[in-house]
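Inspection log for the structure reproduced underneath, given as structure tokens.
The values are calculated or read from the model by the stated rules, or taken from the named source; none is laboratory data. Small disclaimer: the values here were computed from a predicted structure and weren't measured. So basically every Cβ, Gly included, is an ideal-geometry build from the backbone, and we count neighbours across all protein chains shown.
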Amino acid sequence: MALQNINPTKTKAWKKLTNHFNENKNISIKDLYKNSNRQTDFSIQFNDLLVDFSKNKITQETIDLLVELANEVDLKDAIKKQFTGEIINVTEGREVLHTALRSTSEEPILVNGKNIKPQIQTTLRKIRSFSNKVISGKWKGYTGKSITDVVNIGIGGSDLGPDMVVESLQYYKNQLNTHFVSNIDGDHVSEIIKNLNPETTLFVIVSKTFTTQETITNAETIKNWFLKSATIFDIPKHFVAVSTNLEAVDSFGIDKANVFPMWNWVGGRFSLWSAVGLSISLSVGFDNYKALLEGAEEMDNHFRNTDFNQNIPVILALLSIWYNNFYGAETEAVLPYSQYLKKLPDYLQQAIMESNGKGVDRNGDKIDYQTGTIVWGSTGTNMQHAFMQLVHQGTKLIPADFIGYKESLYGLTDHHKKLMANYYAQMDALAFGKTKEEVHLELKFSGDEAKINQLLPFKVFEGNRPSNAILFDKLTPKSLGKLIALYEHKIYTQGILWNIYSYDQFGVELGKELAKKLLNKQ
Ligand code: G6Q
């Protein structure tokens, strides 16, 4: 049975939400905070994760109505269909089963009548054994030396996820240097290969289709560079592939034994949990890679089994809809207070905007309400010295997720105290602002009384700007897995509520076609 096809704006809950919005749109977070239970009432603790969504322009009634909307469009049914392998990617005729890649349950998942769990397990074993050989130095290059560098060649979903995770888990990294080549810009690949030694470098070509122009061009350039010092018989020791297209991999010269499978039921941008994550396992070791998957599975179970009013991805998705569709907010910021997560916003831009940037509903009709949000961001505290001015005092409403960790990894507690003081201070400043009266007093006490009239309006912070605190105990492979899965489920929830198909990406095709035509004309 296909997904339901319900225009959210025609539901009863939407009408109630519209009335509720009109009555409460000028609600003040500061006033709401007069209720001393607010933080407890609007927080969810899930093992090592605490999500505090009390600094939003919402009351309990808002949440109740948003949950009513989720129920009215039968989100529960959509979640079940995704996890059990129904063809919910209708436009591409595919199941969407990245959750199966991290499932440790015995429950079989059938694709074309066949349980896919055994092939997932076989692939994980292959990833483990290959990673162990390379990391331990047993895997030798063509001159008998161990591998020192790993280069992931891929783009989009075959690049952003592994790149972001390797960067985020740098603390857990082994001795291998990991590089990522993606852009068709030849300067990108040139900069990377210029410092590499072909004798000690392993290339992982990641391409589900093995036809992607950027990846194949980069792979050919690298192969030609490699063959300047080695022979075609040395290719199996230095090139492995992750793909569904075995024929193309074979004609590239890669040994069948060195091909890791990918499956049509895993979308590119959700594929880091498959062999696409090979460079993650090489970089931090299989056990850490497995822990990443375990964290994601924990979030999967939470998403699947928890009531919507306590369900973290669902609540974050509903809040996003509240601002996007009722307050007219166009963008959302993701602000991790960890330098390790500097690539998270880029990764989420693809995951969120490629999935929910759709203007046609599940009926094929043009949509007359807002869908996918624009997501952007950077790490704190750097961004406080950059774009936060606009978030605090600009004319736009920008809901923001503040991602933080109670503990730092190296234990520099002085730094961490300061980092977290900034983390909380930013959210307080956004929510509560600074009134005219406060500015007045401040200027008076600082001896600037003469300037009060001149400066007062510029120094006022209106406040009432929403944020969510997403706080983990510590950045570990497991907690990172949980965080990524949280956003994946938020994406799906929003897609379901907006009545769109989140798992296709036809919007990226036209540009590619035109580039090919232009190239042929040259
Ligand atoms: C992601 C998209 C896209 C894809 C790349 C790479 O969901 O489908 O970003 O991952 O175009 O595709 P290949 O893996 O086939 O090279």
Residue in the stretch 222-229 that is of a type outside the set (Val, Ile, Thr) and under 29 Å from the mean Cα position of the chain (by Cα) present: no
Test result for PHE402, more than 16 Å from the ligand (Cβ to nearest atom), in contact with a Leu (Cβ under 7 Å, 6 or more places away or on another chain) and either of a type in the set (S, T, N, Q) or within 30 Å of ASN22 (Cα to Cα) (or both): yes
Of all residues making up the stretch 185-219, the number that are of a type in the set (S, T, N, Q) and near the ligand (Cβ under 10 Å from one of its atoms): 6
One residue from PHE286, PHE260 being within 16 Å of the ligand (Cβ to nearest atom) and either touching a Lys or Arg at 6+ places or on another chain (Cβ under 8 Å) or over 20 Å from PRO236 (Cα atoms) (or both): PHE260
Complete set of residues in the stretch 231-250 that are within 16 Å of the ligand (Cβ to nearest atom) and more than 22 Å from PHE180 (Cβ to Cβ): LEU246, GLU247
Lone unmet requirement of (1) touching a Gly at 6+ places or on another chain (Cβ under 6 Å); (2) surrounded by 23 or more Cβ atoms within 10 Å (Cβ to Cβ); (3) farther than 30 Å from ASN71 by Cβ for ILE280: (1)
Elements of type helices (runs of 4 or more DSSP H) in the stretch 413-484, at least 1 residues being within 30 Å of ASN24 (Cβ to Cβ) and modelled with pLDDT under 95: 436-445, 452-459
Whichever residue in the stretch 1-30 is modelled with pLDDT under 95 and out of contact with any Lys or Arg (no Cβ under 7 Å at 6 or more places or on another chain) and, among such residues, is surrounded by the most Cβ atoms within 10 Å (Cβ to Cβ): GLN4
Failed criterion for PRO162 (all others in (1) within 20 Å of the chain's Cα centre (by Cα); (2) away from the ligand (no atom under 16 Å from the Cβ) hold): (2)
Single condition ASP365 does not satisfy, out of (1) surrounded by fewer than 21 Cβ atoms within 10 Å (Cβ to Cβ); (2) in contact (Cβ under 8 Å) with a residue 12 or more places away in the chain: (2)
Test for LYS228: is it more than 16 Å from the ligand (Cβ to nearest atom), more than 20 Å from ILE155 (Cα to Cα) and surrounded by 14 or more Cβ atoms within 10 Å (Cβ to Cβ): no
Complete set of residues in the stretch 31-58 that are crowded, with 17+ Cβ neighbours inside 10 Å and part of a loop (DSSP other than H, G, I, E, B): PHE42, ASP48, PHE53, SER54, LYS55, ASN56, LYS57, ILE58
Residues that are more than 16 Å from the ligand (Cβ to nearest atom) and buried (at least 19 other Cβ atoms within 10 Å of the Cβ), drawn from the stretch 124-159: LEU124, ILE127, PHE130, SER131, VAL134, ILE135, GLY141, ILE147, VAL150
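Matching residues to (1) of a type in the set (Ser, Thr, Tyr); (2) within 25 Å of LYS256 (Cα to Cα):
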{"site": "SER129", "(1), (2)": "yes, yes"}
{"site": "VAL150", "(1), (2)": "no, yes"}
{"site": "GLY156", "(1), (2)": "no, yes"}
{"site": "ASN183", "(1), (2)": "no, no"}
{"site": "LEU196", "(1), (2)": "no, no"}
{"site": "ILE216", "(1), (2)": "no, yes"}
Candidate set from the stretch 65-91 (those that are of a type in the set (S, T, N, Q) and in contact (Cβ under 8 Å) with a residue 60 or more places away in the chain); member that is nearest to GLU488 (Cα to Cα): GLN82
Checking THR59 against (1) out of contact with any Phe, Trp or Tyr (no Cβ under 6 Å at 6 or more places or on another chain); (2) free of Cβ contacts under 8 Å to residues at least 40 places away in the same chain; (3) within 30 Å of ASN258 (Cα to Cα), the condition it does not meet: (3)
Qualifying residue in the stretch 78-95 (condition: away from the ligand (no atom under 16 Å from the Cβ), within 27 Å of the chain's Cα centre (by Cα), assigned to a strand (DSSP E or B) and over 30 Å from SER229 (Cβ atoms)): no
Test: residue in the stretch 123-135 that is within 26 Å of the chain's Cα centre (by Cα) and in a loop (DSSP other than H, G, I, E, B): no
